[in-house]
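I have placed the structure first, in the form of structure tokens, so that the comments after it can refer back to it.
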Amino acid sequence: MPRLRFSLTLPIKSVPGRFRFTQCASFVLGLLSLAAHALAAAETFEPLILQDADPAGTHPGLTEFRSSKGLLSLQMSAVYATADVNGPNMPSNPALGTPDEQQIYPRLAYDCKDSTHEVVSFGGPFLRVQPGDRIHIEFTNALSTQRTNIHFHGLEVSPHTNVNGTYGDFVSRPYLEGTAPGNTRTYDFVIPATQPPGPYWYHAHVHGVAETQVACGLAGALYVEGSVPGYIKTLKERLAPLIASHNHTTASLASETLSEVTTTLEQIPHSLLVLKDYWTPGLGPINGPLEQSVNGKVTYSTDVAAAQGSGYTGTPYVIQYGAAEQLWDIVNESADNYYILQLSGSNTSGLGFYLLARDAVPSDNLLDNLVPQSTIFIPPSGRVTVIVPTDALSGTVNIVANEVNPLGDDYFQVGNLVGQRPTPWNIISLISGGSATPATSWTTIAGQINQLLALTPSFNNAVAAFTAKHGIDASYVMFEPPNPVPGYLPPEPALVTLYRLADRHGSYLGIKGPADPYDNYEPPIAHLVPGQPQRWIIQNPSTEWHMFHIHQVHFRVERYTVVDDLVNPENNQTPPTENEGNPFYAYNEPPPTGSGKVVGQPYYTGLVDTVSIPDGLQVWITLPLNEGPQIAGNFVMHCHILNHEDAGMMANVVASNSFAAADAAPSKSSPHLAPLEVAAARFKQPAPLKDASGQDVTSDIFGHNDFSLVTFGYTTCEGACPMTVEKCVSALGKLSPAETARISPFFVSLDVERDNSAKLGEYAKEHELSPAWGTLLDTKLAASRAFGAQRRVSRKPDGSTVLRHTTTIYLIDRSMKIRAAFDEEQSAEEISHRIEKELQSSAANPSARNQAHG
């Protein structure tokens, strides 16, 4: 087994930290940038262990692409997969769903190549870089029906467009920034020298389809070299006052301990473990993630065999161990799922994981990290760096995944869907047989570090001093309508939102209400200024867990309290009575023995980029905002349960050097594009609809003319629906007869419970629609899903039904691709002008038009 080798040549000196609470507590530093000699040391690392250690050697592991001479240059495409993760062929059994359903949820993958090799990787190519390296990716969207893009999760990379037209992270708002099918976009940016080394990942992030694309395969690991020397550097800075102490005994012990840490970590095998779930094609979200993998190897599955009733498939990922402990970087690349990992075996009593870092950043306190934890909680998109006590094991020991929050939203948790997944199940098997040089036990070293850190000034005092100095800058609510039955996921996406409450700065003009899901053109609800820390409160008053995540920056969790007062969150001072409020650990898990923590305190005080917020609680966080000038431009914060993000739980953020510059609302110079291309044309059996005469028609009716103008609603609506239809009539009335003849307008009802053909006919007469109009009932709601339209049904206390839905107006061409999408703020004149441009473009390109007609 490869050993991790490096030489530590980091001198003790004062370097600006990622976060400094007070000048008197300047020793309390976050993870600092590595100096040039540290980077050179990191380059001597042997490759991380990625392949399955099964002696049979049947699993090759992830494919690695590594930077060379400061550059990682790749060609990458998002493609439809031709094989399944768990076998050579795509599932085709009818039990996995209709052909329509299998087309909605295909298997997706990345086709990635550099100058040496190419791979189509379900697990996502593993990208490995150094701080300061340049990443250059020519990214092509080879999907036929959906937009897609790449977001580099956790990287401090500005979304600004570069002067040469290339991009850093996705630019501005992800709803806009999807690359259209067949198009190529260039991502070109530099990993900041201040980027905390450690595990990151990248994934698709187009609003409306992020969950589907990530769950179907579009995600991969990214590793910034230097996590081990970074951890040592953080420890060295914390021990610096003792090393420089006039107490020679203490100074000698601190120096010896630091030397032991260096020697031990040099000998510990270092592995990257990527946890990834996949939706089986055709089954999608309702049946949950049906394949679970470690580094691309399926460890649990309800694939074809389960659908045929013959049980589960998949085997644990195998890692060999010897006489030394192991260091693991674990990445959760799931779209929605939590993991709780636990050692399971006859000789594991009293053993646990030593947590070194979360989200790639070692804790400033370090005391938090040195108490073994019986389980490790990894939320969606979370990453942990742990030491596993394999030196104390014998025989075969399993790492099992346990269920999370069984009383909450069952759908999003791994391992607890009754009749679908066993709870718990083996995700990794540790088998004796590897060879490694014995090292000083981390248990012994951790005890020494704890004794030394107890002699340094209190980290908690520094935190208290900072929070006393800075008041709350903003309060946000992660809101969702309550589900009618606990644990029940409705077939339509719920309308959820993340909005801002009034705060001490006064009422906020862009405040959103709980009925307003995300819109890419809404003004930013958070204004960040680099170098000016902020404190926020994030509330979750709903009935299920949420995952708060913000792009570009890290934050620190101070504490969490119960939501008793929704309007005045600062009044909520009561800690939770149970430990379900801990943002990094599992439901009701007690504080680790010896941690000194109590319910209501976070066990981990380092910087993170994602935090789990259980239902009914709020989290108090601090954003240091000292990442540097790259924190700039428009980006987002959202729930990283991607189903929630797609359904609207996201908000725009802007960072600039002054609030005056940040206050400008985003431009609306052109209509925004829809999040989805129309997938209905790809159905082998087009979705059934009914027209006003009661006849069955198929979704290809939208391709019978050069263009179709499509709006969704229901016949008894007295608000948005008639206004939207009138806007369409007005826009079409501004066109010439020849232009109008090339467009077929449609009103499609989503009210499958109450609307029928007769009501559609009456609706057309009531609104005096011309014979050119088609009025349709989306009987299976497949057409609306293909367009990306949403609906939500709820009932009032009096028993009446309320139907909320997308009010977007779609313009599509004969090939069933969306050419424009108009929201409620676009006027009839704007819509008419855009239609004229599309008609002229089509007429000027006869080859494209002929192809569309064909």
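The values are calculated or read from the model by the stated rules, or taken from the named source; none is laboratory data. All values derive from a computational prediction rather than experimental measurement. Here the Cβ is made from the backbone with ideal geometry for all residues, glycine too, and neighbour counts use every protein chain on show. Quick note on the areas: whole protein, heavy atoms, side chains included, nothing else; ligands and nucleic acids left out. Shrake-Rupley method; radii C 1.70, N 1.55, O 1.52, S 1.80 Å.
Using the Cβ of Val386 as centre and a radius below 11 Å, the other residues enclosed give a net charge of 0, where K and R count +1 and D and E count -1.
Here the 3J(HN,Hα) profile of region 720-725, calculated from phi with Karplus coefficients 6.51, -1.76 and 1.60 at θ = phi - 60°, is 5, 4, x, 5, 5, 5 Hz, Gly and Pro shown as x.
Taking the accessible area of region 520-573, probe 1.4 Å, and keeping the other protein chains in place, the carbon and sulfur fraction comes to 47%. The phi torsions of region 130-141, fed into the Karplus equation with coefficients 6.51, -1.76 and 1.60 and a -60° offset, translate into couplings of 10, x, x, 6, 9, 10, 10, 10, 8, 9, 10, 8 Hz, rounded to whole numbers, with Gly and Pro shown as x.
Here the gap between Thr443 and Glu256, fully extended at 0.36 nm per residue and compared with their Cα-Cα distance, gives a gain of 65.7 nm.
Give me the dipole magnitude in Debye, nearest 20, for region 530-582 about the Cα centre, with unit charges on the beta carbon: positive for Lys and Arg, negative for Asp and Glu. Each step should come with its number before you reach the end.
Details: 3 positive and 7 negative charges, 66 e Å.
Its charge dipole is roughly 320 debye.
The label-point distance for Leu781 and Val802, in a model that sets each label 7 Å from Cα toward Cβ, rounds to 1.8 nm. Each residue of region 827-839 was assigned a 3J(HN,Hα) from its phi angle through the Karplus expression (A = 6.51, B = -1.76, C = 1.60, θ = phi - 60°), giving 7, 4, 5, 5, 5, 4, 4, 5, 4, 4, 5, 5, 5 Hz with x at Gly and Pro.
With the simple spin-label model, which puts each label point 7 Å out from Cα in the Cβ direction, the Leu71 to Glu824 separation comes to 5.1 nm.
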